[in-house]
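Comments concern the structure below.
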Amino acid sequence: MNRRKFLKSTLAAGSGLVILPSGVLSGANAPSNKLNIALIGAYGRAKAHYKGISTENVVALCDVNEEHIAIAAKEFPNAKHYVDWRKCLEQKDIDAVVCCTTDHTHAFVANWAMNRGLHVYCEKPLANSVQEARTVRETYLKNRHKIATQVGTQRHAEPNFNRIRELITDGVIGELKNVRAWGNRQLPKPGYLPEQGSPPQNLHYDLWIGPAPFHPYNPGYFIGDPGANCLSWNMYWDFGTGQVGDMGSHTMDIVWNAIDAKWPTSVKATGDEFNPDVSPVELTATWEHPANDWRPEITVMWYQGGAMPHAPKPYIDLNQIGHGAMFTGKNGFLICDFNSRLVLPYGNDADLTYYKPRKKDDLIPQMDSFQGEWINACKGNLKTSCNFDYAGLMIEQMMLGLVAYRVGEKLDYDGPHGKVLNNPQADELLSKKYRTGWVLDG
Ligand SMILES: NC(=O)c1ccc[n+]([C@@H]2O[C@H](COP(=O)([O-])OP(=O)(O)OC[C@H]3O[C@@H](n4cnc5c(N)ncnc54)[C@H](O)[C@@H]3O)[C@@H](O)[C@H]2O)c1
């Protein structure tokens, strides 16, 4: 019995007597049902995970910045240290990985970890291209009987997410027609930063670049506060995907949770003039999604960086909601942000007789904590709200939007096969080119 199977069987056995195989004793807490976690990307956003994972054994810390490892090591003194996540994943006693690195390495770390049978919590965005999203999802689907995954869209734990799903699927606005989500963040940049100075000794810059095409060092990529440094690099095509991947991961999650969608059949997008270095500040993307068993076909739209949908009435100012969504149905609108919602019945037929509020017992159960849901899932039923199936499909849609923006044409998409049907140039843009030696699905 390996350690991971043991963790699950001890939990399943409840209070039953368990005979310990050798090699599962872990320090002062033995015999333990704690996970052995590798924290990859150990500072910045990772700080928000320190408390949650401190209930487990953090056995490995990996960061391209040795000073950041030193900070994390104060929290987790028993962990081994690595600067290269590929080496880190060779450590034999790891059960689970929390990945808080740059966006352009998320799909790599996630795939490699899952291919080694490890549970993964990966910060958003899960992927930087359509192909990365599909590969991560497929690797997860192959392994879903033994691993738990979660993408770091922790706002999903807001009770508002469940209430919106209930209202939409129970028909408070009648038959669903379309959904629009938006975000107002603007991070304009002219292009990649020019070479300036050399990386400090503590920073393994070549590993930071990792699979991306090489760009010379500039301290400007590292000037953000801990947890916000991603805003120093995530708008550059080779490191991130701008706001559609960043806040889009959180905000589209409100929508995705309520529409039960898989692949769109078409996509079109417009925005700023194309810049080969920097993703667009302003972007509007439109996807058509086929009908499912409870709603007709719908249009889903994303607006960012200044583009905004029209409000249904002049007395509603959608600009007051920095990141939000609006669902349009036959009988009204539901407007929301992460933790509040507004229902606007609309039209002469909007008498609400078609809608019955749920009884308390029928409400969607509330999770305790988002990170906790994943830790429990690793030890038990493997069920999480934002697994790589759910979140993989969502980020695939978003990345497809960027492809449509780049070619400037409406694209027909064959989701099951991951093919653009009417534009070979767009088909090529579904994937990225990596530096020699870096393998996405290793
Ligand atoms: N869920 C949220 O609300 C939320 C909030 C902030 C950031 N994030 C996400 O977290 C990630 C990190 O953001 P950040 O602002 O902390 O960025 P950051 O630039 O500070 O990087 C985080 C840490 O990862 C390290 N790192 C970078 N590349 C690495 C690599 N290849 N291997 C190992 N370590 C590496 C950095 O040195 C740093 O310590 C981003 O993907 C971002 O989208 C999520």
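Pairs from the table (LYS262/LYS330; LYS142/LYS359; LYS330/LYS432; LYS51/LYS433; LYS262/LYS383) lying more than 30 angstrom apart at Cα are LYS142/LYS359; LYS330/LYS432; LYS51/LYS433. The ranking of CYS99, CYS336 from fewest to most other beta carbons within 10 Å of each one's beta carbon is CYS336, CYS99. In a reduced charge model with +1 at each Lys and Arg Cβ and -1 at each Asp and Glu Cβ, the chain shows a dipole moment near 1280 debye about its Cα centre.
Shown for LEU430, LEU421: other C-beta atoms within 10 Å of each C-beta, ranked fewest to most, produce the order LEU421, LEU430. Just add up the charged neighbours of HIS250: K/R +1, D/E -1, any other residue whose Cβ is under 15 Å from the Cβ of HIS250. Around HIS250, the surrounding residues sum to -2. Each Cα pair under 8 Å and six or more residues apart adds its sequence gap; the mean of these over the residue count of the chain is a relative contact order of 21 percent. Among DSSP bridges having both ends in the chain, what percentage is antiparallel? Round to the nearest 5. If we restrict to bridges inside the chain, about 60 percent are antiparallel.
Among the chymotrypsin sites (Phe, Trp or Tyr not before Pro) in the stretch 115-218, those placed in a DSSP loop whose Cβ has at most 12 other Cβ atoms within 10 Å are PHE214. Per residue, the chain reaches -8000 deg cm²/dmol at 222 nm when only DSSP H runs of four or more residues are counted, each adding -39500 (n - 2.57). For the stretch 315-407, applying the loop criterion from DSSP together with a ceiling of 11 other beta carbons within 10 Å to the chymotrypsin sites (Phe, Trp or Tyr not before Pro) yields TYR315. Across the stretch 275-425, C-alpha contacts under 8 Å between residues 6 or more apart give a mean separation that, scaled by the residue count, equals a relative contact order of 11 percent. Tell me which of TRP85, HIS119, GLY408 sits at the most positive position along the dipole axis of the chain, charges placed on C-beta atoms (Lys, Arg +1; Asp, Glu -1). The residue sitting farthest along the positive end of the dipole is HIS119. The ranking of ILE364, ILE94 from fewest to most other beta carbons within 10 Å of each one's beta carbon is ILE364, ILE94.
How big is the dipole moment of the stretch 69-112 about its Cα centre under a simple scheme where the beta carbon of each Lys and Arg is +1, that of each Asp and Glu is -1, and everything else is neutral? Debye, nearest 20, please.
Working: 5 positive and 6 negative charges, 28 e Å.
I would put it at about 140 debye.
Any read-out appearing in this document is the output of simple, stated calculations on the displayed coordinates, not a laboratory observation. Keep in mind that what you see is a predicted model, and the values were worked out from it rather than measured. Cβ sites come from the backbone with ideal geometry, for glycine too, and all protein chains shown count toward neighbours.
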